[in-house]
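Participant: Please read through the structure below; I'll follow up with questions.
The values are calculated or read from the model by the stated rules, or taken from the named source; none is laboratory data. Everything numeric here is computed off the predicted structure, so don't read it as measured data. All Cβ positions, glycine included, derive from the backbone under ideal geometry; neighbour counts span all protein chains shown.
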Amino acid sequence: METKTNPYISFVLPAYNEELAVGHSIRQVREVMQKLPLLRYEIIVVDDNSTDKTGEIATKENVTVIRRTVNGGSGASRKTGIRVAQGELIAMFDVDGSYDISRLPEMISFFPEYDQVNGARTKEMGTMKILRTPAKWFLRKFASYLAKTKIPDLNTGFKIFKRDIMLRYMWVIPDGFSCVTTMTLAFLCNGYRVKYVSTEYYNRIGKSKFHPIKDTLKYFSTIIRLVLFFAPMRVFGQLSFIFFIVGSFLSTQHKILLNYVKTSDVIILILAVQLFALGLLAELIVATKRS
């Protein structure tokens, strides 16, 4: 899809117990969009069954408020908002005051050339930085390797994308925090054009719901799952190559030193062949789904 010169933009704002920040975030969007008078937009706040006054405050701001009856997580809220949105472009960010919303005009300007534009944070401001920073660095590098492209910020929640493309991958988006990682990798692994814009990152308003250890493990499993879904040979091919090299080295060494090849060497080589065959089969299945 190529968007129009003046696309209709839907702001999907997931919110769970954000009574201190939701009103401020809505007003921020309006202030920024006043500078872009030619663009039509709507604001959708998805209240994820909050126990505070998040929904009431958002309603007073005269925006569309969707109240979920069950707390499903950040991803569940985003998916709910995407499905009801009317815009050609979906813009979203965490409703906690942590993102620099003034970057919106620049991000919007990259459409329709790009399919997704992300706000890449320049620093880490979350809780437990001693755990989050190295974990995020490792996951970002691992994802960049698998996706074969540099990813400056893997799990930014500040992004704009073409709605019709995202709708194709709703089935793979999880309900939790790793949803934004999934949205990024779904586009990258399927050859869509993804852009990053550097943005400031501030201390959030209110209390964070992020669980460093549990959510980091979810991020890692999400990356593996997505690559298996969209580019399985990037996993199976590499594993097959590693086992083949190890098996070849051991069998050659044992043949020279012992004059025979151990059963374990043969098993490793067979495993390498099986992994490669499994990767080819998975690629065939992926290709069939794309056609």
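Participant: Mind checking which residues of region 25-65 are among the β-branched types (Val, Ile, Thr) and either under 13 Å from LEU13 (Cα atoms) or without any contact (Cβ under 8 Å) to a residue 12 or more places away in the chain (or both)?
Facilitator: ILE26, VAL29, ILE43, ILE44, VAL45, VAL46, THR54, THR59, VAL63, THR64, VAL65, listed by residue number.
Participant: Quick check on this structure: which one of GLN28, GLN86 is surrounded by fewer than 22 Cβ atoms within 10 Å (Cβ to Cβ) and over 19 Å from TYR201 (Cβ atoms)?
Facilitator: GLN86
Participant: Cβ-Cβ distance below 8 Å, separation of 6 or more or different chains: which pairs start in region 137-154 with a residue that is in the same structural domain as GLY191 (by TED's automatic domain parsing) and end on one that is among the acidic types (Asp, Glu)?
Facilitator: ARG140/ASP153
Participant: Within the bounds of region 119-126, is there any residue that is at pLDDT 75 or above, closer than 25 Å to PRO232 by Cα and not small (Gly, Ala, Ser)?
Facilitator: no
Participant: Would you mind finding the one in SER25, SER50 that is in the same structural domain as ARG163 (by TED's automatic domain parsing), assigned to a loop (DSSP other than H, G, I, E, B) and either within 26 Å of the chain's Cα centre (by Cα) or not hydroxyl-bearing (Ser, Thr, Tyr) (or both)?
Facilitator: When all the criteria are applied, what remains is SER50.
Participant: Of the residues THR59, THR80, only one is modelled with pLDDT of 95 or more, among the β-branched types (Val, Ile, Thr) and surrounded by fewer than 18 Cβ atoms within 10 Å (Cβ to Cβ); which?
Facilitator: When all the criteria are applied, what remains is THR59.
Participant: Please specify each residue of region 155-179 satisfying the condition of being out of contact with any helix residue (DSSP H, G or I) (no Cβ under 8 Å at 6 or more places or on another chain) and in a helix (DSSP H, G or I).
Facilitator: Result: ASP164, ARG168, TRP171.
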